[in-house]
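See below for the structure under consideration.
The values are calculated or read from the model by the stated rules, or taken from the named source; none is laboratory data. Bear in mind the structure is a predicted one, so any value in this text is a computation, not a measurement. We place every Cβ from the backbone using ideal geometry, glycine too, and count neighbours over all the protein chains shown. What goes into the accessible areas is simple: the full protein's heavy atoms, side chains included, and nothing from ligands, DNA or RNA. Shrake-Rupley method; radii C 1.70, N 1.55, O 1.52, S 1.80 Å.
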Amino acid sequence: MSSDRSSEKLVYMANQIGKFFASQGEEKAPAAIAEHLRKFWDPRMRAGILAHLESGGAGLDPLVRQAVERLREMMAAR
């Protein structure tokens, strides 16, 4: 699978997770999404979505973009 295709799939999956947590509101949803990605995504998937963010983050919904930024901070703090 090409890198572009895998990024598209990760963006789709992250946005689906974002839709689930969106009902928690703009203050709580990004943290909940980031925690979900940290707990349940394979390290390669996390690395892929972080790389996608670094390359501009095209297609990420606003709450999901915030969540991936939080995930980046969480991973850097390790």
**Prompt:** In the range 66-78, how many are without any contact (Cβ under 8 Å) to a residue 40 or more places away in the chain and crowded, with 18+ Cβ neighbours inside 10 Å?
**Reply:** 2
**Message:** Can you pull out every residue in the range 50-65 that is open to solvent by 40 Å² or more (accessible area, probe 1.4 Å) and more than 11 Å from Gly18 (Cβ to Cβ)?
**Reply:** Ala51, Glu54, Ser55, Gly56, Ala58, Gly59
**Message:** Exactly one of these conditions fails for Met13: (1) part of a helix (DSSP H, G or I); (2) open to solvent by less than 50 Å² (accessible area, probe 1.4 Å). Give me its number.
**Reply:** (2)
**Request:** Sort through Ala31, Ala47 and tell me the only one that's touching a Lys or Arg at 6+ places or on another chain (Cβ under 9 Å) and either in a helix (DSSP H, G or I) or surrounded by fewer than 20 Cβ atoms within 10 Å (Cβ to Cβ) (or both).
**Result:** Ala31
**Prompt:** Of everything in the range 34-44 that's part of a helix (DSSP H, G or I) and either touching a Lys or Arg at 6+ places or on another chain (Cβ under 8 Å) or open to solvent by less than 20 Å² (accessible area, probe 1.4 Å) (or both), which residue is farthest from Asp61 (Cα to Cα)?
**Reply:** Arg38
**Message:** Can you say whether Gly25 is without any contact (Cβ under 8 Å) to a residue 24 or more places away in the chain, in a loop (DSSP other than H, G, I, E, B) and either among the hydrophobic types (A, V, I, L, M, F, W, C) or open to solvent by less than 40 Å² (accessible area, probe 1.4 Å) (or both), as far as the supplied structure shows?
**Reply:** no
**Message:** modelled with pLDDT under 95, open to solvent by 30 Å² or more (accessible area, probe 1.4 Å) and either touching an Asp or Glu at 6+ places or on another chain (Cβ under 9 Å) or more than 16 Å from Arg70 (Cα to Cα) (or both): is that true of Ser3 in this structure?
**Reply:** yes
